[in-house]
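Coordinate-derived values only; no laboratory data. Quantities reported herein were computed from a predicted structural model and do not represent experimental measurements. Here the Cβ is made from the backbone with ideal geometry for all residues, glycine too, and neighbour counts use every protein chain on show.
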Amino acid sequence: MSLSRRTLLRAAGTAGLALSPLAAGGQVLRAGPADPTAPWAAAPAAASHPDPRIRALAWAVLAPNPHNRQPWIAELPGAAPDTVVLRCDLDRRLPVTDPFDRQITIGLGAFAELARLAAAEEGRAVQVIAFPEGEPAPRLDARPVAMLRFGPPGSAAPDPLFRHAAARRSTKRPFDNSRPVAPETLAALGAAVGAPVRFDATIAPDRVARIRDIAWRAWLTEANTAAAHLESVDLMRFGRAGVAASPDGISIWGPGIEEGIAAGQITRESMLPGRPGFQVMVDRYTPMLANTPAYVWLTTAANGRAEHLAAGRDWLRVNLAATGLGLGLHPVSQALQEYPEMRGPVAEMQDAIAPDGARMQMLGRLGYAGPVPPTPRWPVESRIRAT
Ligand SMILES: Cc1cc2nc3c(=O)[nH]c(=O)nc-3n(C[C@H](O)[C@H](O)[C@H](O)COP(=O)(O)O)c2cc1C
């Protein structure tokens with residue numbers, strides 16, 4: 001076990017002593033993940049917690065993040081009760097598909113923005129100071145990703161986007177292709193984004209078809225690149241018990257799946273190329289990527305850590321705005337990734353969506369779909385370290 005994981009677990013064990021446990025209506029929430037989606041109910045229930053940082057962090061753990069790795073560690077310095085020091089849990093990165101930790105940093109940006117919005121909801125400003133001890137490169141290190149400084153009551157006004165935090169999802173579903181996305185809708189999503197991040201989107205059929213084609217070929221490239229695919233397979237959690245034991249990664253659970261797991265048909269090995277589980281995965285993603293009426297993407301002029309963090313903050317905002325408009329948004333990141341096998345699709349995608357050379361940070365499918373259940377999360381207590 002690595003040092004950071006050990007330290008974190010120790011901190012998780014003491015968090016219940018150092019911090020008052022989250023309580024709602026007399027019910028004390030346990031650190032143990034009995035229901036893997038319990039943190040979605042715990043976030044509003046945390047409103048009664050005495051520490052405004054914990055109230056905000058209970059929401060922040062619901063942020064979108066790559067492969068649901070939940071790479072966040074929130075340090076609560078005893079000497080600075082208005083501060084959260086946000087670090088990356090370096091064991092939770094994706095070294096094959098995200099070799100420079102760009103996407104992991106985007107997820108941490110989404111976390112910081114959700115914390116900020118949750119605090120604003122109760123009237124507190126949160127200043128997000130990016131990489132206060134410098135920008136690590138080429139990979140992240142133990143230095144803080146951000147410092148969150150909480151202001152007093154009355155220092156901020158609520159942001160209407162926060163209303164959609166509980167309903168926000170990454171919508172991994174085919175969209176209804178008979179329901180077009182209106183141009184005004186795209187403009188409303190773009191309004192959620194600000195410098196240094198640029199928002200673009202398209203509903204033009206030719207352009208949508210071109211992006212869809214590249215995105216699908218990139219997806220197949222990833223599935224057929226052994227190291228990249230294995231990185232995903234290693235993170236699969238099978239069945240309710242497996243998901244409850246590790247409520248992160250790629251959750252393979254739900255009606256119809258539990259039976260296959262119990263029968264030994266759905267296993268880690270079955271997900272390897274040429275095996276039945278692999279084909280099930282291809283069959284699931286084929287209609288998903290095919291049924292896409294619109295795409296949105298975020299770019300930045302520079303490609304430093306501050307831009308990655310800013311892109312994550314704005315992706316969360318676009319995701320919330322889409323939720324508020326009844327739309328589903330689903331990141332499709334393969335053709336933006338920096339490992340060698342992806343060079344061809346990356347060049348094609350660059351030409352299709354950012355021919356001016358801007359750095360592609362996020363690409364998402366956009367459209368209308370039915371409701372999607374929440375994804376699992378580790379409880380907030382397990383991600384907090386009292387220092
Ligand atoms: C930087 C980043 C990249 C992502 N890339 C993909 C992707 O390529 N395919 C995908 O299905 N989901 C992708 N996601 C979505 C995550 O899988 C999702 O946020 C996570 O599983 C948690 O689910 P939720 O967003 O519904 O809460 C990405 C998310 C982020 C922040």
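Worth pointing out:
- Total residues in the range 121-155, condition within 22 Å of the chain's Cα centre (by Cα), in a loop (DSSP other than H, G, I, E, B) and within 23 Å of Ala165 (Cα to Cα): 1
- Verdict on Ala335 being touching a helix residue (DSSP H, G or I) at 6+ places or on another chain (Cβ under 7 Å), within 10 Å of the ligand (Cβ to nearest atom) and among the small types (Gly, Ala, Ser): yes
- Taken over the range 355-377, the criterion of being buried (at least 20 other Cβ atoms within 10 Å of the Cβ), more than 12 Å from the ligand (Cβ to nearest atom) and in a loop (DSSP other than H, G, I, E, B) is satisfied by Ala369 alone.
- Look at (1) in contact with an Asp or Glu (Cβ under 7 Å, 6 or more places away or on another chain); (2) more than 11 Å from the ligand (Cβ to nearest atom) and you find that Glu348 fails only one, number (1).
- Considering residues of the range 170-190 that are part of a loop (DSSP other than H, G, I, E, B) and among the hydroxyl-bearing types (Ser, Thr, Tyr) only, the residue farthest from the ligand (Cβ to nearest atom): Ser178
- Here Thr286, Thr299, Thr292 are screened, and the one residue that is part of a strand (DSSP E or B) and of a type in the set (Val, Ile, Thr) is Thr299.
- Within the range 304-332, the residues that satisfy the criterion of being out of contact with any helix residue (DSSP H, G or I) (no Cβ under 8 Å at 6 or more places or on another chain), under 23 Å from Ala195 (Cβ atoms) and surrounded by fewer than 24 Cβ atoms within 10 Å (Cβ to Cβ) are Gly304, Ala306.
- Number of the condition not met by Gly260 [criteria: (1) in contact with a helix residue (DSSP H, G or I) (Cβ under 6 Å, 6 or more places away or on another chain); (2) free of Cβ contacts under 8 Å to residues at least 12 places away in the same chain]: (1)
- Filtering the range 299-341 to residues that are within 16 Å of the chain's Cα centre (by Cα) and among the polar types (S, T, N, Q) leaves Asn319, Thr323, Ser333, Gln334, Gln337.
- Filtered residues of the range 58-88 (kept if in contact with a strand residue (DSSP E or B) (Cβ under 7 Å, 6 or more places away or on another chain) and more than 16 Å from the ligand (Cβ to nearest atom)): Ile73, Ala74, Glu75, Leu76, Pro77, Gly78, Asp82, Thr83, Val84, Val85, Arg87
- Filtering Ile203, Ile214 for residues that are crowded, with 16+ Cβ neighbours inside 10 Å and out of contact with any Asp or Glu (no Cβ under 8 Å at 6 or more places or on another chain) leaves a single hit, Ile203.
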